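Undergrad: Let me begin by handing over the structure; questions about it come next.
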Amino acid sequence: MAEPTTTDDLLALLASAPDQLDAALASATRQEPAPQPGVTTGEGDWTTSELVGHLCDAARNWGGRMRLV
């Protein structure tokens, strides 16, 4: 995909992100058993719920900042 060059291109790209995420999650298959809450596979690793929580939190904060621009 070509680099977005205009504001409209960037807005279209951002608007398509939720649909792309939904499609990726719908097609994903679980390859391993679900970890227990708070249990990681090694030092510095994040659980799936921690990772998704971090992404959601970052999206909310980033979206709030973009609305202020």
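The values are calculated or read from the model by the stated rules, or taken from the named source; none is laboratory data. Owing to the predicted nature of the structure, the values given are computational and were not obtained by experimental measurement. Counting neighbours? That spans all protein chains shown, and the Cβs are built from the backbone with ideal geometry, glycine included. We work out accessible area using only protein heavy atoms, side chains counted, and drop any ligands, DNA or RNA first. Shrake-Rupley method; radii C 1.70, N 1.55, O 1.52, S 1.80 Å.
Undergrad: Could you tell me whether any residue of the range 9-31 is modelled with pLDDT under 80, polar (S, T, N, Q) and surrounded by 10 or more Cβ atoms within 10 Å (Cβ to Cβ)?
TA: No, that holds for no residue.
Undergrad: Search the range 32-69 for residues being under 13 Å from the mean Cα position of the chain (by Cα), more than 30 Å from Thr7 (Cβ to Cβ) and open to solvent by 70 Å² or more (accessible area, probe 1.4 Å), and hand back the single one that is modelled with the highest pLDDT.
TA: Per the criteria, the residue is Leu51.
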